[in-house]
Amino acid sequence: MMFEGTVFKFGRNVDTDVIIPARYLSTTDPQELAAHVMEDIDPGFVGKVKAGDIIAAEENFGCGSSREQAPVAIRAAGIACVVAVSFARIFYRNAINIGLPILVCPGAAREAGSGDLLRVDLDRGEVTNLTKQKKYQGDRFPEFMQEIVAAGGLMNRVKEKLAGGRPGSS
């Protein structure tokens, strides 16, 4: 899986309460959640983000509560991938489970700036900052996790397996 998009840069310890504030958790509609993603840390985020853009963040992205709505809101807003120095453990699993591509790549995440253009090769774990003309090696997912993300999440992958299909064939 390959992604190319403009960077929105965030710092350390961006918690799930900032990603999608609790006051919006009365809905499960991904588009309604997307309308409020990151609004407490960047009020104009939703108006600026375009389909295919990328979030780059420092350490511990997605810390805090275990709300699955955080990666759902990010994905529904059009973010193609999140590259970070590190992810909170529960956010990491929730992102994979709902099919949000993420990559641990400290060098790329630290050095990326808002507005930079990144190319992310999730299969290889590589990030190329096209603006700075630098390439970084991140932590490549094992094949079974790549299959989950390619299928659009764990439930989709299970359905594919039960139907005897290959990843992304549904």
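In terms of its C-alpha gyration tensor, region 47-88 comes out oblate, because a/c is 1.5 or above while a/b does not outweigh b/c. Extension gain, Ala22-Leu162: 0.36 nm per intervening residue step, less the Cα-Cα distance, totals 46.9 nm. Residues of region 12-45 with an amide N closer than 14 Å to a point placed 7 Å from the Cα of Ser114 along the Cα-to-Cβ direction: 12, 38-45. Judged by the gyration tensor of its Cα atoms, with axes a ≥ b ≥ c, region 1-87 is oblate; a/c meets the 1.5 cut and b/c is at least as large as a/b. 3J(HN,Hα) along region 72-88, derived from phi through the Karplus expression 6.51 cos²θ - 1.76 cosθ + 1.60 where θ = phi - 60°, amounts to 4, 5, 4, 5, 5, 6, x, 5, 7, 6, 10, 10, 9, 5, 7, 10, 5 Hz, with x in place of Gly and Pro. Length available on full extension from Met2 to Ile41: 0.36 nm per residue minus the Cα-Cα distance, which gives 11.3 nm. List the residues of region 84-102 whose backbone N lies under 15 Å from a point placed 7 Å from the Cα of Lys134 along the Cα-to-Cβ direction. Flagged as within label range: 84-85.
Separation of region 1-65 and region 90-115, taken as the distance between their Cα centroids, equals 11 angstrom. Here r is the Cβ-Cβ distance between Asn13 and Glu143 and R0 is 35 Å; the resulting FRET efficiency, rounded to 0.05, is 0.65.
For the chain, adding -39500 (n - 2.57) for each run of n ≥ 4 DSSP H residues and dividing by the number of residues yields -8000 deg cm²/dmol at 222 nm.
When peptides 151-159, 27-35 are sorted by average Cβ neighbour count within 10 Å, with the highest value leading, the order is 151-159, 27-35. Distance cut-off 29 Å, Cα to Cα: go down the list Lys50/Lys161; Lys9/Lys135; Lys50/Lys134; Lys134/Lys159; Lys48/Lys134; Lys132/Lys161 and report the pairs above it. Violating the 29 Å Cα-Cα cut-off are Lys50/Lys161; Lys134/Lys159; Lys132/Lys161. Taking amide H positions as placed in the peptide plane 1.01 Å from N, state which residues far from Glu58 in sequence (5 or more) or on other chains have amide H under 5 Å from it. Placed amide hydrogens put Phe10, Gly11, Arg12, Val85 under 5 Å from Glu58. Which shape class, rounded, prolate or oblate, goes with the chain when its Cα gyration tensor gives a ≥ b ≥ c as root eigenvalues, a/c under 1.5 marks rounded, and past that a/b bigger than b/c marks prolate? It comes out oblate by the Cα gyration axes.
Only the coordinates and a few stated rules stand behind these numbers; no lab work does. None of these values were measured; they are calculated from a predicted model. Positions of Cβ are backbone-derived with ideal geometry, glycine not excepted, and every protein chain shown enters the neighbour counts.
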